[in-house]
Structure formats: structure tokens, C-alpha cells
């Protein structure tokens, strides 16, 4: 799983590189475009994902201590927080799209080039991240079912540990996305 | 641990509202890196993962760093 995570670092690393170059060349416009995003919503999403990482780690700890029911509870909470994150993202995106700002929209094309680049990167990177969150939720649901079926036990918990690693990576990526898109000074 | 992460997030947002220019971005990214480090150590148990994994992780970071550095060299010296 670590090896897969390293490929994910390279995947998002490439996109962060694109962001870095575009921002260095259009610094003022990136700042202007970032004003259009709501910092508190972004911060809330950060807290939601950080909490989901906590519940994920706790679910594994509880399973290893033999407390299956508590592990199931924490796993369910992790999935719930993941869904809440996606819900908040959904509202953020629909708000933007409602204002006519989406890739290739006439509204967006009227803005200065740097702002067009910013929003293009915003939709692609948070979109790709959202897809990863969704995939993570699906995986976690499978883990939940496997724990219920006792196919994952406190003796054999490798699968859920690997799922946890993936989930923490998705959280870490968001930890970087948040300041880069929401906290441009 | 979670509390540390939440406090770091709050600090980053607070720094943003201080409007101190470019330093704010550097601080925000530093805070992000600290948070990532904490997640790696305490949630992902990187220190339990063994020398091989730790080394490969550092290599992948170095690789991304090298790619970024060379790209910046290229783009800004044109």
C-alpha cells in the first residue's frame, strides 16, 4: 500500500507543480481569484477530514484491542465524515457553478488569464481529490462489511490498516490543497 | 494529536486574516507540512514501517522536489 501511496504522491505532485508554476507567473490574479472561495468552508472541510483520520486511526486501535463494536462505530463515523466532506464540496461547487464559474464557461473566460488558470486548477485538483475521497469511502464500506462478517478480526487486520493508510493520504493531500487554494495572501 | 492538528488549522486561518503578504503563504505551507508530518508519524505510523519504506518515502519526496526545482529553473529562465 505504501508503494501505491508513493504513486499518488507523484500524481498529485505533478498537479501541485502545475499550480506552483502558474501561481508564480500570475501571483496577483491567483490572490484575486482565491477571494472567491470561502475560507471558513475550506477550514471546516479540513477539520472534517482531520477528524475522519482520527476516527479511522481509533477504529484500527479499537480493533487491535479486541473491541469490535467500538471499532465498527469509529469506522461508521469515518465513512460519515467522508460523506459530509463530499457534501460540503458539492455545495461549494454548485455555488460556483451557479455563478457561472466552471471550466470553459463564458463567465470564466471573461476573467483575467491568471484567474481562469486558478479556477481550472481548483476544479481539477479538488475534483480529483473528491474522486479519491469517494473511492476511499467505497473501500471503507467494504472494510466495515468485512469487519461485521468477521473476515477482519483483531488477529487479521492488514486490510483495514492499509485502507487507513490510504485514507490518511487523502487527508494529507487535502491538508496541502487547503492553504494553496483558500489561504493565498 | 487531533487537537494539535485542529489548532494548527486554526492558526493557519488566523494568519491569513493578518494580511501579512507573502510571508502568510509561507507560514501556511509550513503549517501544512507540519500537519502532514504529524499525520505521517502518528496516524500512519511511518516509524513502524521499517527502513525500506521510510527510505523510499524520502526518495519520492526528493524526486518531487527535484522535478519542481528543475521545472522552475526551466520556466523562469526562458
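Here residue A:37 meets the list (1) surrounded by 15 or more Cβ atoms within 10 Å (Cβ to Cβ); (2) in a helix (DSSP H, G or I) almost entirely, failing just condition (2).
Can you find, within the range B:4-52, the residue that is farthest from the other protein chains (Cβ to nearest Cβ) among those that are surrounded by 14 or more Cβ atoms within 10 Å (Cβ to Cβ) and not in a helix (DSSP H, G or I)? In this case the residue turns out to be B:45. Residue pairs whose Cβ atoms lie under 6 Å apart, separated by 6 or more positions or on different chains, with the first residue in the range A:4-18 and at the interface with chain B (Cβ under 9 Å from one of its Cβ atoms) and the second surrounded by fewer than 16 Cβ atoms within 10 Å (Cβ to Cβ) and assigned to a helix (DSSP H, G or I), are A:17/B:71. Candidates A:38, A:45: the one that is more than 8 Å from chain B (Cβ to nearest Cβ) and either at pLDDT below 90 or more than 16 Å from the chain's Cα centre (by Cα) (or both) is A:38. Within this structure, residue A:81 fails the test of being under 12 Å from the mean Cα position of the chain (by Cα), surrounded by 16 or more Cβ atoms within 10 Å (Cβ to Cβ) and touching a residue at least 40 places away in the same chain (Cβ under 8 Å). Could you tell me whether any residue of the range B:59-73 is within 7 Å of chain A (Cβ to nearest Cβ), under 13 Å from the mean Cα position of the chain (by Cα) and surrounded by 13 or more Cβ atoms within 10 Å (Cβ to Cβ)? Within the range B:59-73 (the criterion being within 7 Å of chain A (Cβ to nearest Cβ), under 13 Å from the mean Cα position of the chain (by Cα) and surrounded by 13 or more Cβ atoms within 10 Å (Cβ to Cβ)), the answer is yes, since at least one residue qualifies.
Any residue that is crowded, with 19+ Cβ neighbours inside 10 Å, within 14 Å of chain B (Cβ to nearest Cβ) and touching a helix residue (DSSP H, G or I) at 6+ places or on another chain (Cβ under 6 Å) - is there at least one of those in the range A:95-117? The answer is yes; a qualifying residue exists.
The values are calculated or read from the model by the stated rules, or taken from the named source; none is laboratory data. Computed from a prediction, not measured in an experiment: that's the story for all the values here. Virtual Cβ from ideal backbone geometry, glycine too; neighbours counted across all protein chains shown.
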